[in-house]
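The values are calculated or read from the model by the stated rules, or taken from the named source; none is laboratory data. The structure displayed is predicted, hence computed values, not measured ones. Here the Cβ positions follow ideal geometry from the backbone for every residue, glycine too, while neighbour counts run over all protein chains shown. The area values use the complete protein model at the heavy-atom level, side chains included, leaving out ligands, DNA and RNA. Shrake-Rupley method; radii C 1.70, N 1.55, O 1.52, S 1.80 Å.
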Amino acid sequence: EEQHAECRSLAKDMGRPACEHVWMLDASKEERERGSTVEPSRAHFSSSSFSYTAIDTPGDAGLNNNMLSVLSLADVAVLVVSAAQGEFEAGVDSGRTRELALSCFAMGIQKVAVWVTKMDDMSVTNAMARYEEIKKTVSGFLKQVGFKQPDVPFVPISGILGDNLASKSSEMTWYGGKPASDVLDSLGPINRPAEKPLRLPLLKVFEHEDAGTVVVGRVEFGTLRIGIKVSFSGCFYVGEVRSIRKGGETAQEAKSGDIVSVGLGSSVAAEHLHRGMVASNPTSDPAADVETFTAKVSILNHPGSIRAGYCPVMAVHTAQVACEFEELLGLVDRKTGKETKNPDKVKTGDIAVIRMRPRSAACVEAYKQYGSLGRVVIRDHGRTVAIGVVEEENQEKGVSGPKKRPIPQTRTEGGNEYFSS
């Protein structure tokens, strides 16, 4: 309440009273000047059934790296779509709304809800027809990109007025569904993986006056406890867990699915860690960077042919790195499953088995063993080109430290095609 009062007062003083709520999450000067989210931010709240960590992620196309890293932490995606005339159409015409839906699916999110916001806008005035129009269009996008969730919940809301957020609104009596908070409850509980060795991809690293080096991320597998040692993929450093915070409160341990801030004290300097590294137990199947890995990849959208040497960006858990398609190992027939060895090229619609080589440090795992660390998304100039799963990784298990990387190959005329920026 105190923070909200400060935001309300500041928004009023700056002549932007409508920002009193959004500035609870958009706290930086840049975000408040832009009027949009730049850096991911977290908030915690509870219902009668569950405790939630909400992560506000950038939707702007120029901030895809931040968005994809955050999506890798989510159990449920809430796609917020503006009902205001012109705003919804701009998202559809630019392809951005569909791309956001595809990004959610590609990063492994299986449950989604859609909040149709700004229903109180003067161009909408809580009209049922506008809501139904948007619902039909967005439902089509969700099916196109691969969501198989039956009856995706849509909720018409007003963020400023709070309509249909915690309770039903008297302004939209035609809406027969649940308020947004109850819709979230209906999507749980989330099934967690069986107990496995610790894996915690890092989303954020910073120095804190009291806690020392702090890393933020989600415990994907295993259990994190105060006092245990943790190693980090791609470096020689081993730290000790001195403190854990989850849900805004201190805790003694964290388990799979918990989004946490982990204090390491002075055991590891923040400058030695970065987003995309993976924390693990140094004595129990420690995570390590890969030299190469083999992935089965579905080509979704590419302007031409893909040949060996193609080097787009790979997103895997919280990391994004350039990654070369080193060798096309096979082309899989969608109907029969039969594999043709060593094709010269692949194109949109193909399923290919590819040996891939990250151009910089990257920790990936076989999908069958560590699912969320074995799901890769291939992107080229802001577009999702392909999605796939890691079948086999080539790494030195238990050996940490920087690896030498190959000298990048130059692009040749008549070779691979790339999206223009």
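Data table
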{"read-out": "Sparse-neighbour loop sites [trypsin sites (Lys or Arg not before Pro); the stretch 167-213; at most 16 other C-beta within 10 Å; DSSP]", "value": "LYS168"}
{"read-out": "Which of LEU161, LEU224 is most accessible, then next, and so on - probe 1.4 Å", "value": "LEU161, LEU224"}
{"read-out": "Nearest-10 value in Å² for the accessible area of SER284, using the 1.4 Å probe", "value": "40 Å²"}
{"read-out": "Efficiency of FRET from Cβ geometry, ARG359 and GLU327, R₀ 22 Å, rounded to 0.05", "value": "0.90"}
{"read-out": "The stretch 174-246, relative contact order [Cα under 8 Å, separation at least 6], %", "value": "22 percent"}
{"read-out": "Rounded if a/c under 1.5, otherwise prolate or oblate - the stretch 200-284, Cα gyration tensor axes", "value": "rounded"}
{"read-out": "FRET efficiency, TRP174 to LYS341 (Cβ-Cβ, R0 41 Å, nearest 0.05)", "value": "0.10"}
{"read-out": "Accessible-area ranking of TRP115, TRP174, largest first, probe 1.4 Å", "value": "TRP174, TRP115"}
{"read-out": "In the stretch 219-252, chymotrypsin sites (Phe, Trp or Tyr not before Pro) in a DSSP loop with at most 12 other beta-carbon atoms within 10 Å", "value": "PHE236"}
{"read-out": "Cβ-Cβ FRET estimate between ALA269 and SER47, R0 fixed at 35 Å, reported to 0.05", "value": "0.35"}
{"read-out": "In the stretch 309-346, the trypsin sites (Lys or Arg not before Pro) that fall in loop regions by DSSP, at most 16 other Cβ within 10 Å", "value": "ARG334, LYS335, LYS338, LYS345"}
{"read-out": "Prolate/oblate/rounded call for the stretch 97-192, Cα gyration tensor, a/c under 1.5 rounded", "value": "oblate"}
{"read-out": "Relative contact order (%) - criterion: Cα under 8 Å, at least six apart; region: the stretch 95-156", "value": "54 percent"}
